[in-house]
1. Can you tally the net charge around A:His75? Count Lys and Arg as +1, Asp and Glu as -1, for every other residue whose Cβ sits under 9 Å from the Cβ of A:His75.
2. Under a 5 Å amide H to amide H cut-off, with H placed in plane at 1.01 Å, what residues pair with A:Thr71 once short-range neighbours are removed?
3. In percent, how large is the relative contact order of the stretch A:47-127, given Cα pairs closer than 8 Å and 6 or more residues apart?
4. For a label point 7 Å from the Cα of A:Val77 along Cα→C-beta, name the residues of the stretch A:103-135 whose backbone N is under 12 Å from it.
5. Return the FRET efficiency for the residue pair B:Leu111, B:Trp368: r is the Cβ-Cβ distance, R0 is 22 Å, and the value is rounded to the nearest 0.05.
6. How well do other chains shield peptide B:194-201, expressed as the mean number of their Cβ atoms within 10 Å of each residue Cβ?
7. With N residues in the stretch B:298-397, what two-decimal value do you get for its Cα radius of gyration over 2.2 N^0.38 Å?
8. Given +1 on the Cβ of Lys and Arg, -1 on the Cβ of Asp and Glu, and no further charges, what dipole in debye does the stretch A:34-157 carry about its Cα centre, rounded to the nearest 20?
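The values are calculated or read from the model by the stated rules, or taken from the named source; none is laboratory data. All figures in this text were calculated on a predicted structure; none of them were measured in a lab. Heads up, the Cβs are rebuilt from the backbone with ideal geometry, glycines too, and the neighbour counts pull from every protein chain shown. Just the protein is used for accessible areas: all its heavy atoms, side chains included, with ligands, DNA and RNA removed. Shrake-Rupley method; radii C 1.70, N 1.55, O 1.52, S 1.80 Å.
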Amino acid sequence: MLKLVAIVSALFLQSALAAPAKKHKIVEEPKVANHLTGSVDFHAVGSPGFLHIDGSGATAAGETWKAKDGTVTGHFVADLTGFKTGIGLRDKHMHEKYLESNKWKDAFFDLDSWTPTEKPSQFGGKLRIKEMSKQVFGTASWDGKTLRADFEIELDDFPIEVPRHLGITVAKTVTVEIKMAEANGS
Amino acid sequence: MSEIRFKAKKLTLVRPITALYCDEPDQDQPSSRIEELADTFCAVLFWVFLLFVILARCGSDAKAFPSAVRMGYTSCEACHLDPNGGNVLLPYGRSAGEEMATWGPEGSGRLLGFAPDTKWALAGGDIRAAATNWVYDTDLGQMSAQSRQNDKAFLMQAEGELALHPSMSIWLDATLGYYGPDHDRELRRSFVLWKPGNYFTAKAGRFVPAYGVMTPDHTAATREGLGLGEGGEVLAAEVAARSEIGEIVATETFATDVDLNVGAHSGYSLYGGDPGWAARIAAYAFKSTFGVSAWRRPSDTVAGAFATVAVTRWIYVLAEVDRDRDRVLEYDRDVAWAEVGWEVVQGLTLQTTAEYEDGGRYGLGFDWIPFPHFQVSSWVKKKADVWSAAGVAHVWL
């Protein structure tokens, strides 16, 4: 009988102790993860014909730091060598002639102070491709698990020749999309 | 406006025809060298157009690949001279052909390197042969009589095509070849194309108006079933506007039946039916195309919706539904066609089709491009109790 009372008491005590912790988790402010990993895609348009060129497969990793006022800054690195567009010759030209990813493997992005929001909000930062850095602006959102961001770059702003191939010219404006999540173990 | 007016000056000799697009000359406009050049250009353009009209003859289907939407090609314009797709390839299209083949080393799309690479001319052509064609009726338990008649290999098409580029924005295109089991010699597709930039084109001559999914399978319910298969060309003029988000194509058709065989015993005659019009509006979204189209012909009006959808880089869906209203008989009928394709390895695509035209028809087949310029396709289709099968070998130049 004493043993039964002890077990019931222990269970009750455990529940009583656990309840406040659960309650605390509910009211906890969403936080920006310190370490993020994910992917980078881009979308470009070639003319004539308005052919859609979608690049994917590039991996990205980064760190963010949260300030007391809730804003975050960050530093991200994208491995450009993973980009593929679904057409072999185009990929070859992209890496060898335009991105020169064998020479400039990574692109870097420094996030300016940004307040994470669940709905897309404006952000800014400095993007470095090859040896050139340029301020870019876009929209980003953080739902507590996933960071999504997109922005446009002008190829003219970076040492990237406008891609041309047999009469098709790629538009100078390229849309970049980033999707990242909290890295395991962070 | 004055610019349009003075162009008419030297065309008054053919006033009954040019009145379609030229206003009365403005007597108040001072004559100048530029005006004379413009007059000459307009006159040359007109006579070239007339020449093409005279040479035009029916009988074609497009040889484009709407399934290439899975590779980002929502529009045909990147690869083909004709913005609506089909036939002669641009240099980029030859390169893209290498990416559609199982084995396509760089340069192989240019006729293995022999295709001329000039800025003022493009050459092309198609040779197609039907390898087999049988029809088996499971209800009767025997091959059909029509099948025994057709059960042989025959040349469906052997044609050449030449496109000339005399100025920055003008293209002249014409085909000449043999068609069908009787090897009729025909000049079947020809047009003058004006491409002043990336966003606008105008075309006049003989061609298939832009309508729905321009699939190369001319036996599809939405092509042959609507009179858009082999022989679907009409005498027409087309204007089109395209952008990154979509396209609008408007076509005025002047004659739906032109009989002009070159050297054929049927002789030469040119006559037109009642004029009509066609229109296609499409939006490019989600790497796919969604649109509606309509075509008012002398006796019927066809209208419907279509989509070319890129599911993944390797899987696509093409679909079209149409209603054909016969205004003479006051009779409506519906046709539908859908194709799902899966490129299992580069160049080899497994396809399944579902069609509706006076009953359902289902099919299974494959399409293989082993090398650029070579294509083999085969399919089995079932409609009610009847199974049919066919294979086609296609060589494009």
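1. Working: positive: none; negative: A:Glu63, A:Asp110.
Charge balance in the 9 Å sphere: -2.
2. none
3. Details: 122 pairs, mean separation 22.9, N = 81.
Rounded, it is 28 percent for the stretch A:47-127.
4. A:105-109
5. 0.65
6. On the way: counts 0, 1, 0, 2, 6, 3, 0, 1.
Per residue, the number of nearby Cβ atoms from other chains is 2 on average.
7. Values: Rg = 16.4 Å, N = 100, 2.2 N^0.38 = 12.7 Å.
This ratio for the stretch B:298-397 stands at 1.29.
8. 220
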